[in-house]
Structures are given as C-alpha cells and as structure tokens.
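Report on one structure; see the data block that follows.
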Amino acid sequence: MASKAVDVRQGTAGDRLFTRVGAFLSAHRLSPDPAHYAFAYAVIAQPEGLIARRVAELTDGGVRLSARDIEQLGGTALAGAPAGPADDAEMTADAATQEAMIERMMHQLDGFGDTMRIAHAEANDFGRDLARSAAQMRDVGADAGVEEIGRLTAAMIERVQHAEAKLESTRRETEELRAALDEARGSARTDPLTELPNRRAFDEAFAALAPGARVTLAMCDIDHFKRINDSFGHPVGDRVIRTVARTLADEGGCLVARYGGEEFAMLFEGVTPAEAAARIDRVRAHIAERRLRVRETGEPIGTVSFSAGVAEGVAGEGRAALVARADAALYRAKEQGRARTIVAG
C-alpha cells in the first residue's frame, strides 16, 4: 500500500511538472519539440538554478523570451520561436497600420497623377478650342470670334480653378499621410515606456556602422527589479525604468536603447572599454544619490542600482557575438554582488 501511495504521489508531481512545462512553452509561444521541451524542463525542474534565475530576470514584467535569449542560455530555438521580446500581436498591428498608410498614400499619389493627366487633357482641349476660334475669327469676323473666345476662356478658368483646388487637396492629404507614415516608422523603432530607441532601432544602428570601426558595447540591467515590482507595484517599476533610461541617455554620451524588460544596451563609438565603464559608473553613482519615493504615498523606494557588462568589438564582425560577450560580463557583475561594471577580457 505504501508503495502505491508513493507511486500516486510521484505521478501527481510528474503531472504537475508536465503541466508547468506545457504552460511555459505556451507562454513563450514555443512549439512542443524535444529541444524546446528540454529547455523548458531545465527551467521548471530547477527553479533555483542559474538558467531559471536568468529566465525570471528576462521575463519579469511579462516579457516573452526571444530566440536569442534561449540560445544564449544554452537552449535551442527552432524555427518559429519569437525573434524578440515585442508582443507578436503588437508587431502585427504596427505592420498592418503601416501597410494601410502606405496603401492610402499610394492611392493619393495615384489620384494626384490622375488629376495631373486630367488637367493636361483639359489644357490640350482648351488649346484646340482656341485654335478653332481663331479660325472662326478669320472666316466670319472678329465679333463672333471674340464672343466665342470669351466663353471658352471663362470655361477654362473654371476648369483650371477646379483642377488647382483638387491638386491642393491631394497635396495636403499626401503630406498628412507622409507625416503619419514617418511617425509610424518612428514608433516602430521607439520604446513607448522610455521613449528610447528599441532593440530593432539599436540593431539597425549597429548594422549601419562602418565596417571595421572599433566599438564598445555595454549591456545594463537594473538590480533587484523584481523586488521593486513586487514591493511597490508595476507602475512604480515603470517609473524606475524611465528614471534609469533617462539618466543613461542624458549622461552616457552614446546611443542608449531599451533592449527588453529592465535591460538597456549602450553603443559607444571611439570610446575605449575603460572609458565606457567609467561613464557607466558615474551614471550609477548619480542614480544612487537620488532618493526615489513612491509618488502617491511618499514611501522611500530605496537605492536603485544596475549592473553592467562591457565588451569591445569591430563593426561588421557580428553583433550577436559582441552582445553575448557583454551579456557574459553582465552575468559576472550580477554574480559578484551587483551594482558594478565588469569589462569582458
């Protein structure tokens, strides 16, 4: 009987583990392939392990794991895994909005072209009518020709005014659509919470660097951010993210992007890793000096700090490898007590 009871308990625990693994795969939109299952099992079965702790940090606040995250943690991301942390529905909605704007703009440009063709045709008609009236003047006398020319001129003025009004309306609508499209393109590359460039914008900026240029990359992550969210709520956590983002952008002297969750990427050009680390440490000191409080209650939040990993590389030789090196240095900074910057060797 005892053995049966043990079997039941083990079976129940196994069922719960299987259910949690399935929920993990579903939450991160991973197919139930063996590779994905093995990664999910490592996270769920060892909640205090390094991989599970890192996953908790990456996904805090509802962020979904990306293929890059999974691969950097030693897993395998098969085709179809999310490419980044942005919500798929939001990305689809953004793309659909931009496509609709482009379609409207193309329609307006087509209309603009039609209006120009109509105006050109009417001008040709007017020229033919004038030529016919000139011949009439020669045949039947000036009085009859002048009367006809007056009628044709009045009609053409009306046509010209109508065409000008239509052209102006089309021009205004086209400019409005162009501005809206530019704004949508900017929004697709801007993090709405911090108003910093997002991961897509950062990746594009890195890709645009001159091949062979020496660059320094830093990955920064707010320390104990989950504790802040749990203690004070997500609105306060959002304010902390904005505070760190604004300070990094104002004092970092480089491109700063929100890379996901509470993680930021800093891209330095013409700056050595040592100088980049010194700038980051100054930013950290300024943030630590601030006495942040909950706006509604005045309750002190405590010292806010972040850890950073810095790596040097060459543009054109692979962004992913450079990010991985900076991430590894960031992990070491976390392991050594946080609130510090580690430069990759």
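So the values come out like this:
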| quantity | calculated |
| --- | --- |
| Enumeration of residues in region 286-323 that are closer than 19 Å to CYS220 by Cα, crowded, with 16+ Cβ neighbours inside 10 Å, among the aliphatic types (A, V, I, L, M) and under 24 Å from the mean Cα position of the chain (by Cα) | ALA308, VAL310, ALA311, LEU322, VAL323 |
| Odd one out for ALA180, checked against (1) outside any loop (DSSP other than H, G, I, E, B); (2) at pLDDT 65 or above; (3) of a type outside the set (Ser, Thr, Tyr); (4) farther than 20 Å from ARG325 by Cα | (2) |
| Residue check, GLU57 modelled with pLDDT of 75 or more and acidic (Asp, Glu) | no |
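The values are calculated or read from the model by the stated rules, or taken from the named source; none is laboratory data. Quantities reported herein were computed from a predicted structural model and do not represent experimental measurements. Cβ coordinates were reconstructed from backbone atoms using ideal geometry, including for glycine residues, and neighbour counts include every protein chain displayed.
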